[in-house]
Amino acid sequence: MATRSYIGVQEDNGISAVYCHYDGYPEFVGKGLLNYTTLSDVQELISYGNRSSLTVPFYKDRGEQGCEPAIHRLPNDFIDAADDCDAEYYYLFRDGIWYMGTLYGKGTHYRTFTPLTDIIGELQ
């Protein structure tokens, strides 16, 4: 069973985002994303397109088409796109900070942008 996530970066022209199929929960993808600390690091991560997980090859490496990053004009468009691809979690890098929200259940972080470090801290 997959735990899907949606990963984005806020840029001047909107939010560039990709789908990540496996391990989208904060304990894995969330913690892994904290290794991407600069805008250029995150832009490079997103540039590869949709992916199976943070550690598994990208869809385009398997010869799949239509895997390039999507562009969303507004944060709510980004969240809606995450919902459309059945992502349980979404992550957004904005102004040097990773944010996370969930579309799973209606808990505290539902459709919000909470600093990822706060959420990781809650898990410990």
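Take segment 1-28 and flag every residue that is assigned to a helix (DSSP H, G or I) and open to solvent by less than 50 Å² (accessible area, probe 1.4 Å). Spell out how you get there, then give the answer.
Going residue by residue through segment 1-28, those that are assigned to a helix (DSSP H, G or I) are 26-28.
Listed by number, the list holds a single entry, PRO26.
From the list LYS31, LYS60, which one is among the basic types (Lys, Arg), touching a Cys at 6+ places or on another chain (Cβ under 6 Å), surrounded by fewer than 17 Cβ atoms within 10 Å (Cβ to Cβ) and part of a helix (DSSP H, G or I)? Walk me through how you get there before you give the answer.
Values: LYS31 fails: touching a Cys at 6+ places or on another chain (Cβ under 6 Å).
Of the residues listed, the single one that is among the basic types (Lys, Arg), touching a Cys at 6+ places or on another chain (Cβ under 6 Å), surrounded by fewer than 17 Cβ atoms within 10 Å (Cβ to Cβ) and part of a helix (DSSP H, G or I) is LYS60.
The rows are residues; the columns are (1) out of contact with any Phe, Trp or Tyr (no Cβ under 8 Å at 6 or more places or on another chain); (2) closer than 16 Å to LEU45 by Cβ; (3) open to solvent by 20 Å² or more (accessible area, probe 1.4 Å); (4) not polar (S, T, N, Q).
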position: ALA70; (1), (2), (3), (4): yes, yes, yes, yes
position: ARG73; (1), (2), (3), (4): yes, no, yes, yes
position: ASP80; (1), (2), (3), (4): yes, no, yes, yes
position: ASP83; (1), (2), (3), (4): yes, no, yes, yes
position: TYR91; (1), (2), (3), (4): no, yes, no, yes
position: TRP98; (1), (2), (3), (4): no, yes, no, yes
position: LEU103; (1), (2), (3), (4): no, no, yes, yes
position: LYS106; (1), (2), (3), (4): yes, no, yes, yes
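I want to confirm something. Restricting to segment 36-57 and keeping residues that are within 11 Å of CYS20 (Cα to Cα) and surrounded by 12 or more Cβ atoms within 10 Å (Cβ to Cβ), which single residue is modelled with the lowest pLDDT?
The qualifying residue modelled with the lowest pLDDT is VAL56.
Does ARG62 meet the test of being modelled with pLDDT under 95 and out of contact with any Lys or Arg (no Cβ under 8 Å at 6 or more places or on another chain)? Before the answer, list the steps.
Numbers: modelled with pLDDT under 95: yes; out of contact with any Lys or Arg (no Cβ under 8 Å at 6 or more places or on another chain): yes.
In short, yes.
Name the pairs: first residue in segment 52-79 and under 23 Å from GLY14 (Cα atoms) and in contact (Cβ under 8 Å) with a residue 12 or more places away in the chain, second residue open to solvent by 40 Å² or more (accessible area, probe 1.4 Å) and in a helix (DSSP H, G or I), Cβ to Cβ under 7 Å, at least 6 apart or on different chains?
Short answer, once both residue conditions are applied: CYS67/LYS60; PRO69/SER47.
With respect to the numbered conditions (1) open to solvent by less than 20 Å² (accessible area, probe 1.4 Å); (2) not in a helix (DSSP H, G or I), which one is the sole condition not fulfilled by GLY66?
(1)
The values are calculated or read from the model by the stated rules, or taken from the named source; none is laboratory data. Everything quoted here is computed from the prediction, not taken from an experiment. Please note: Cβ atoms are built from the backbone with ideal geometry, for glycine as well, and neighbour counts cover all protein chains shown. Keep in mind that these areas ignore ligands, DNA and RNA; they rest on the heavy atoms of the full protein, side chains included. Shrake-Rupley method; radii C 1.70, N 1.55, O 1.52, S 1.80 Å.
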